[in-house]
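Right, one structure below, let's go through it.
The values are calculated or read from the model by the stated rules, or taken from the named source; none is laboratory data. Here the structure is a predicted model, which is why all the values come from computation and not from measurement. Cβ placement follows ideal geometry from the backbone for every residue including glycine, while neighbour counts extend to all protein chains displayed.
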């Protein structure tokens with residue numbers, strides 16, 4: 001009789017431990033069925049007139065000479081475009097970074113209409129930029145990358161006294177509108193390249209890097225990101241074991257279906273989680289028809305993984321390479 005009683009107690013304790021374990025697992029990474037119609041009401045926006053808590057500007061990393069994006073906390077006294085212009089002109093940045101350009105390339109004004117941003121430049125800009133040196137080419141790319149990061153800006157154009165410019169800088173014809181360049185930190189042609197967001201060795205700084213590719217497709221970009229190897233300065237922040245089952249794009253939303261084993265990639269600590277997510281999302285955002293990314297695991301939406309990472313909703317342009325608060 002006593003033996004039967006102890007056996008009953010043992011069974012009850014074992015069942016309670018299993019229940020607690022399952023509850024912890026679900027609270028850490030719950031999964032729910034995926035329904036497209038419930039997602040499109042949760043869209044995040046990074047626009048030139050929005051209330052995003054940060055702005056992203058592309059500047060020069062002094063140590064490597066590479067153009068990198070940095071996120072700066074929004075100043076409530078300025079619009080996103082005003083703050084972006086100030087940072088590109090001569091913004092306060094850490095010593096390791098600097099804005100591209102010179103006094104002749106300071107933006108004097110801007111006008112946004114029909115998703116085209118017109119940048120009014122000083123008269124000296126014409127002779128300065130058409131020197132066509134590395135600094136001038138990098139400046140034009142940085143300006144185009146920075147402003148086309150806003151969802152409501154598709155292209156930029158330079159004007160002097162309201163009139164079109166002439167000449168060329170690298171592949172850019174200054175009289176034409178400039179869409180987002182796809183040959184970042186590279187001399188590759190735009191039409192046959194992919195832009196991957198890679199990590200500097202011994203640093204948590206993510207850097208856009210163009211590679212040649214016969215197919216400009218989102219699934220190919222994620223595959224190349226995971227398998228990237230062999231550069232002296234850059235490594236992939238994404239483990240090679242990442243398994244992408246499929247990628248489909250519908251009305252600006254890239255839906256990335258991961259293998260269940262890939263969930264462990266997001267459970268390696270806060271820094272690693274954010275680096276992996278930023279690299280994946282920013283690589284996909286380089287496709288003009290992608291504005292946000294939703295991650296699925298075996299066809300299901302993954303719940304929040306902690307206070308900093310929430311995969312239950314689409315992820316738009318988030319803060320990348322965050323600068324410390326002064």
Being free of Cβ contacts under 8 Å to residues at least 60 places away in the same chain, within 23 Å of residue 66 (Cβ to Cβ), in contact with a helix residue (DSSP H, G or I) (Cβ under 7 Å, 6 or more places away or on another chain) and in a helix (DSSP H, G or I) is the requirement here; does residue 88 meet it? yes
Within segment 208-229, tally of residues that are in contact (Cβ under 8 Å) with a residue 60 or more places away in the chain and part of a helix (DSSP H, G or I): 3
Quick check on this structure: which one of 278, 289 is modelled with pLDDT of 90 or more, outside any loop (DSSP other than H, G, I, E, B) and either buried (at least 21 other Cβ atoms within 10 Å of the Cβ) or in the same structural domain as residue 193 (by TED's automatic domain parsing) (or both)? 278
Collect the residues in segment 148-207 that are farther than 25 Å from residue 106 by Cβ, without any contact (Cβ under 8 Å) to a residue 40 or more places away in the chain and part of a strand (DSSP E or B), keeping them in residue-number order. 193
Count of segment 228-244 residues which are surrounded by fewer than 18 Cβ atoms within 10 Å (Cβ to Cβ) and either modelled with pLDDT of 90 or more or under 16 Å from the mean Cα position of the chain (by Cα) (or both): 1
Condition (residue is at positive phi and surrounded by 18 or more Cβ atoms within 10 Å (Cβ to Cβ)) applied to segment 97-104: is it met by at least one residue? yes
